[in-house]
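The values are calculated or read from the model by the stated rules, or taken from the named source; none is laboratory data. Predicted, not measured: the structure shown is a model, and the values here were computed from it. Cβ placement follows ideal geometry from the backbone for every residue including glycine, while neighbour counts extend to all protein chains displayed. Only protein heavy atoms, including side chains, enter the accessible area calculation; ligands, DNA and RNA are left aside. Shrake-Rupley method; radii C 1.70, N 1.55, O 1.52, S 1.80 Å.
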Amino acid sequence: MVASVDDLFGGAAPYYAKYRSRYGDPAIEHLAMTFGQDSTVLDLGCGPGTIAIPLSRRVRQVLAVDPDEEMLAEGRRLAGKAGGIRWIKGDSTTLRDLPPFDHVVMGRSFHWMDRRAVLAELDELLPPHGVVALVGPTREDPQEPWEPVVRRVRDEFAVNTFTASSSFQATGEHHDEVLATSPFSVLDRAHYEEHLPYDLDAVIGLQLSYSYSAPARLGARKEAFVEAVRRALLAANPSGRWERVTVTEVLTARRPPRSP
Ligand SMILES: C[S@@+](CC[C@H](N)C(=O)[O-])C[C@H]1O[C@@H](n2cnc3c(N)ncnc32)[C@H](O)[C@@H]1O
């Protein structure tokens, strides 16, 4: 099933907001120090504000942009009365409609886009000191301890297809390779490791936060899927408790300094 850009995560937003891991204070601090407190930052593919909400306390303004209304609604709900964020429906093809911004951050969202086109457009829109920051798991991120078990259930339900942008799937190029051959070729990276506890509900909720097993993909089979995942997980690990190691990478990209 091919979903449109504003329905990739149909019905996933509440699960995403509740069960996807946050990036942790050190990663947000790293972004805040990189951007500076006087800056306006575009969070492109903001989801429910995983980065936008904590970052908004540290910079002048965040433009939180996403094509998915449900994600934006979840973000507005979580942000409450906190100021400093503008929630905007849009995507990587509507950058020129936005108010000016100094820097861009993309958390687990760049793979959905036509990456070279986005970087070329950002080269026209960002000021000379503008930074493009990517935040997400490292390539070497350890596999989630429950993944082999859940993958078998996804196979049974035929919801195992990862659906990133065609440019990502066609070339298989990693983000850093795309950046290194773009105008933003000066790269710097930092890694932040966390050990997070998960219970059964959290592991199940996480599955419903993924695009490929989002409620809209499962449709009327959602409850059957949830039950099958629950049974498989408990059969493999009757304690219903897991620890997951996550390593978040903050990859920053700048233009090379101009020769005088
Ligand atoms: C995995 S979520 C990441 C949310 C959040 N940035 C985070 O780090 O947790 C990916 C988000 O990218 C959005 N997205 C998908 N295609 C996009 C595009 N072409 N332009 C901008 N955002 C897009 C989706 O709607 C989704 O909310």
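Cβ-Cβ distances below 7 Å connect the following pairs, each with a first residue in the range 212-238 that is free of Cβ contacts under 8 Å to residues at least 40 places away in the same chain, a second residue that is surrounded by fewer than 17 Cβ atoms within 10 Å (Cβ to Cβ), and a separation of six or more residues or different chains: LEU234/GLY240.
Taking the range 133-162 as the range and being without any contact (Cβ under 8 Å) to a residue 24 or more places away in the chain and not charged (D, E, K, R) as the test, the residues that pass are GLN143, PRO148, ALA158. Of the candidates GLY11, GLY36, GLY24, GLY45, the single residue that is under 15 Å from the mean Cα position of the chain (by Cα), more than 11 Å from the ligand (Cβ to nearest atom) and on the phi > 0 side of the Ramachandran plot is GLY24. A single member of ALA216, ALA232, ALA253, ALA236 is under 30 Å from LEU179 (Cβ atoms) and among the small types (Gly, Ala, Ser), and it is ALA253.
Select the strands (runs of 3 or more DSSP E) contained entirely in the range 75-160, then report the ones holding at least 1 residues which are open to solvent by 40 Å² or more (accessible area, probe 1.4 Å) and within 13 Å of the ligand (Cβ to nearest atom). First the steps, then the outcome.
On the way: elements: 85-89, 103-107, 132-137.
Filter on the range 75-160 gives 85-89, 132-137.
Give VAL203, VAL250, VAL245 a once-over and let me know the one that is open to solvent by less than 20 Å² (accessible area, probe 1.4 Å), out of contact with any Phe, Trp or Tyr (no Cβ under 6 Å at 6 or more places or on another chain) and hydrophobic (A, V, I, L, M, F, W, C). Steps first, please.
Values: VAL203 fails: out of contact with any Phe, Trp or Tyr (no Cβ under 6 Å at 6 or more places or on another chain); VAL245 fails: open to solvent by less than 20 Å² (accessible area, probe 1.4 Å).
Selected residue: VAL250, the only one of VAL203, VAL250, VAL245 that is open to solvent by less than 20 Å² (accessible area, probe 1.4 Å), out of contact with any Phe, Trp or Tyr (no Cβ under 6 Å at 6 or more places or on another chain) and hydrophobic (A, V, I, L, M, F, W, C).
Could you identify the single residue in TYR23, TYR19 that is open to solvent by 20 Å² or more (accessible area, probe 1.4 Å), among the hydroxyl-bearing types (Ser, Thr, Tyr) and in contact (Cβ under 8 Å) with a residue 24 or more places away in the chain?
Unique residue meeting the criteria: TYR19.
Please indicate, with yes or no, whether at least one residue in the range 226-242 is open to solvent by 40 Å² or more (accessible area, probe 1.4 Å) and modelled with pLDDT under 95. First the steps, then the outcome.
To start, the set of residues in the range 226-242 that are open to solvent by 40 Å² or more (accessible area, probe 1.4 Å) comprises 227, 230-231, 234-236, 238-239, 241.
Narrowing further to those that are modelled with pLDDT under 95: none.
The answer is no, given that none of the residues of the range 226-242 is open to solvent by 40 Å² or more (accessible area, probe 1.4 Å) and modelled with pLDDT under 95.
Suppose we keep only residues that are hydroxyl-bearing (Ser, Thr, Tyr) and surrounded by fewer than 14 Cβ atoms within 10 Å (Cβ to Cβ) within the range 161-184. Which one would you say is modelled with the lowest pLDDT? Ranking the candidates gives SER166 first. So, in the range 48-74, exactly how many residues are more than 21 Å from PHE110 (Cβ to Cβ) and more than 13 Å from the ligand (Cβ to nearest atom)? The number of residues fulfilling the criteria is 4.
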